[in-house]
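Everything on this sheet refers to the single structure shown next.
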Amino acid sequence: MPNKTNYHCHSLFCDGRADMNDFLRFAIAEGYSSCGFSSHAPLPFSTAWTMEWDRMEDYLNEFRRMKQRYAGVLELCIGLEIDYLGDESNASKACFQQLPLDFRIGSVHLLPNEQGQWVDIDCPPESYHQIVHRHFHGDVEQVVRLYYHQLTCMLEKGGFDIVGHPDKMHYNASTLLPDLLDQPWYDALVRSYFARIVELGYVVEVNTKAYHTAGTFFPNARYFGYLHQLGARVMVNSDAHYPDLLSNGRAEALEALRKAGFTSVVEWHHAQWQDVPLSPSSL
């Protein structure tokens with residue numbers, strides 16, 4: 001079925017809540033044509049949400065088993081969502097480049113505080129408020145600017161194909177700065193960032209994870225028109241941690257992209273990324 005795809009899925013190998021097979025059975029029932037897994041890549045330290053290096057071979061082997069099992073039914077690809085932690089850890093490192101992956105997603109979930117400690121800012125708003133006050137003197141603008149600095153450094157370092165949930169910071173930051181999206185300085189940061197993404201040839205992920213709970217996409221839909229003007233290539237992913245959320249917000253995102261002028265999305269077919277025409281609206 002056209003445009004029924006998802007390449008940002010988290011299974012039990014990281015913080016997902018189901019195994020690969022459960023995701024794929026749901027995808028087939030939904031009429032998907034292709035699907036991919038992108039476990040949170042190992043970090044230099046342990047967390048509750050990332051995969052450990054000693055599970056990597058199991059992850060790749062389980063994918064191979066699923067690929068063989070569903071051959072001819074669903075086209076599959078395997079990747080990782082790799083965090084940017086400066087030179088300490090990033091997608092360009094040999095340990096990630098040498099893995100037999102089909103794709104890599106570059107993301108930022110952590111920021112360095114003044115002591116050089118990595119702080120997780122991808123959290124519920126209440127925790128985010130505490131982190132901003134405890135680690136960044138309550139200065140939300142400082143946190144936002146640091147976030148985009150890290151994202152831009154990630155682009156320059158490279159080693160990945162897809163930019164994961166661009167501008168995700170806006171949701172948490174807006175709970176402390178309600179007019180954030182209308183601030184000229186913020187708009188300038190976002191537009192500069194998106195322009196650099198397109199210049200360097202990355203695919204922009206339209207992440208639908210929070211659409212039904214928070215009413216927003218990442219990136220925010222107000223920037224879809226600008227991305228189209230830039231000539232960005234986009235794909236729609238739900239960042240699913242549960243199989244039944246695989247299609248969360250997909251139809252709405254595709255419709256918003258159509259209204260912004262997009263006529264195609266990036267999908268994995270015949271073992272490569274292709275620009276596939278947007279199907280007629282299903283809304």
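Quick note: the coordinates plus some simple rules give every number you see, no bench work behind them. Keep in mind the model is a prediction, meaning the values are calculated, not measured. Every residue, glycine as well, gets a Cβ built from its backbone with ideal geometry; the counts of neighbours run over all protein chains shown.
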Q. Mean residue ellipticity at 222 nm from the helices of the chain, using -39,500 (n - 2.57) per DSSP H segment of n ≥ 4 over the full residue count, to the nearest 500 deg cm²/dmol?
A. -10500 deg cm²/dmol
Q: Choose one of Tyr128, Gly72, Val265: the residue whose Cα lies farthest towards the positive end of the charge dipole of the chain (beta-carbon charges +1 Lys, Arg; -1 Asp, Glu; about the Cα centre).
A: Gly72
Q. How large is ³J(HN,Hα), in whole Hz, for each residue of region 72-89 in order, when computed from phi with the Karplus curve 6.51 cos²θ - 1.76 cosθ + 1.60 and θ = phi - 60°, using x for Gly and Pro?
A. x, 10, 8, 7, 10, 9, 10, x, 9, 9, 10, 7, 9, 10, x, 6, 5, 7
(Q) Please list, ordered by chain and number, the residues whose modelled amide H lies under 5 Å from the amide H of Cys77; skip anything fewer than 5 residues away on the same chain. (A) Cys35, Gly36, Phe37
**Q.** C-alpha center-to-center spacing [region 96-111, region 255-276] in angstrom
**A.** 22 Å
**Q.** Computed FRET value (nearest 0.05) for Asp275 with Thr175, which takes r as the C-beta separation and R₀ as 35 Å
**A.** 0.45
Q. So how far apart, in nm, are the two label points at Ser264 and Gln130 if each is 7 Å from Cα heading toward Cβ?
A. 4.8 nm
Q) For the pair Gln97 and Gln117, what calculated FRET efficiency results from E = 1/(1 + (r/R0)^6), where r is the Cβ-Cβ distance and R0 = 35 Å, to the nearest 0.05? A) 0.85
Q: Between Gln68 and Lys157, take the C-beta separation as r, use R0 = 25 Å, and let me know the FRET efficiency to the nearest 0.05.
A: 0.15
(Q) Can you give me the long-range amide H partners of Ser264? Hydrogens built in the peptide plane at 1.01 Å from N, cutoff under 5 Å, separation of 5 or more residues or another chain. (A) Leu278
Q. With a 10 Å Cβ neighbour count serving as the proxy for reagent exposure, in which order, fewest first, do Asp102, Asp167 appear?
A. Asp102, Asp167
Q.
Just to be sure I understand: of the beta bridges DSSP finds with both ends in the chain, what percent are antiparallel, rounded to 5?
A. 30 percent
Q. Where the centre of each part is set by its Cα atoms, how far does region 1-70 sit from region 168-193, in angstrom?
A. 31 Å
Q. Which of Lys209/Lys259; Lys93/Lys157; Lys4/Lys209 have a Cα-Cα distance over 18 Å?
A. Lys209/Lys259
**Q.** Residue-wise HN-Hα coupling along region 12-24, computed from phi with Karplus coefficients 6.51, -1.76, 1.60 (Hz; x: Gly, Pro)
**A.** 5, 6, 9, 9, x, 10, 7, 7, 4, 4, 5, 4, 6
Q) When only Cα pairs under 8 Å and 6 or more residues apart are kept, what is the percent relative contact order across the chain? A) 19 percent
